[in-house]
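The values are calculated or read from the model by the stated rules, or taken from the named source; none is laboratory data. It should be emphasised that the depicted structure is a prediction, and the values quoted were computed from it without experimental measurement. Heads up, the Cβs are rebuilt from the backbone with ideal geometry, glycines too, and the neighbour counts pull from every protein chain shown. Each accessible area value is taken on the protein alone, full model and side chains, heavy atoms only, with ligands, DNA and RNA left out. Shrake-Rupley method; radii C 1.70, N 1.55, O 1.52, S 1.80 Å.
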Amino acid sequence: MRFFLSLALTSFSVLFPIVGHGSTTDIVSRLSVAPVIEGQFVQTEKLVSIPKPFESNGFFIFWKDDVLMWKTKEPIETTSLYTDQHFKTYIHINNKVVENTSSSATNVVNRILWGLLSADMTALELDFQIFTQNTPNHWRMDFYPKSNMTGCIVKHVSVVGKDIPEQIIVEHFSSDITTLMISDVVLSDISSTRQENELANP
């Protein structure tokens, strides 16, 4: 009986890693942070209603405690600005710009990435149950919403990385899957003129 109990506990710990708050802290301590962080991204969306995945790519710039900007170059030129107050999207179509504003609370990926790039998980730990795996080569965080509001948007978010978040997979409540791959990250102490111009002209 003792053997089977031990085996069951071992299996449970593999499927659902039992880790304490310290593990989240350990992962955060590994993250590279800076006042300005820029990188490239590729986003793939697998929609239940559409057989072919939808892929977009571009770059992002994060100004700590200020704004997270996404610039999508293909297939549609789009700029998104995320702050703790709102999420604005600017879509460029036929030499016109269409602007849309939504609540920052509904943008789960941006919230999680903001917390990781800031190395501050305080707000996320209030809204998500977080399971962690931490190895010398990589770490992984699995986010499960605690609130009904967030749970209506996503079921589960997993983030894998080393010095920075490298892959984010979002399982939506609709069963759509979004995968975000981050690469070529550069950390800076101050913004460049090009970066400031990108922000000024969304």
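Quick notes
- Check on Ala105, out of contact with any His (no Cβ under 7 Å at 6 or more places or on another chain) and exposed (fewer than 15 other Cβ atoms within 10 Å of the Cβ): no
- Cβ-Cβ contacts under 8 Å between residues 6 or more apart (or on different chains), taken from a first residue in the range 138-157 that is farther than 14 Å from Met121 by Cβ and β-branched (Val, Ile, Thr) to a second residue that is modelled with pLDDT under 95 and part of a loop (DSSP other than H, G, I, E, B), are listed as Ile153/Phe173; Val154/Phe173.
- Screening Ser175 on (1) part of a strand (DSSP E or B); (2) within 21 Å of Thr106 (Cβ to Cβ); (3) of a type outside the set (D, E, K, R) shows it passes everything except condition (1).
- Scanning the range 68-102 for residues that are surrounded by 19 or more Cβ atoms within 10 Å (Cβ to Cβ) and aliphatic (A, V, I, L, M) yields Leu68, Met69.
- Residue list for the range 110-123, filter: surrounded by fewer than 19 Cβ atoms within 10 Å (Cβ to Cβ) and over 18 Å from Val36 (Cα atoms): Thr122, Ala123
- Within the range 45-56, the presence of at least one residue that is open to solvent by less than 40 Å² (accessible area, probe 1.4 Å) and without any contact (Cβ under 8 Å) to a residue 40 or more places away in the chain is confirmed.
- Only residues that are hydroxyl-bearing (Ser, Thr, Tyr) and open to solvent by 30 Å² or more (accessible area, probe 1.4 Å) were counted across the range 147-190, and they come to 6.
- Residue that is modelled with the highest pLDDT [pool: residues in the range 31-44 that are loosely packed, with under 15 Cβ neighbours inside 10 Å and not in a strand (DSSP E or B)]: Pro35
- Scanning the range 45-64 for residues being within 21 Å of Glu196 (Cα to Cα) and either of a type in the set (A, V, I, L, M, F, W, C) or modelled with pLDDT under 90 (or both) gives a total of 5.
- When the range 131-172 is filtered for residues that are acidic (Asp, Glu) and not in a loop (DSSP other than H, G, I, E, B), the ones remaining, listed by number, are Asp142, Glu166, Glu171.
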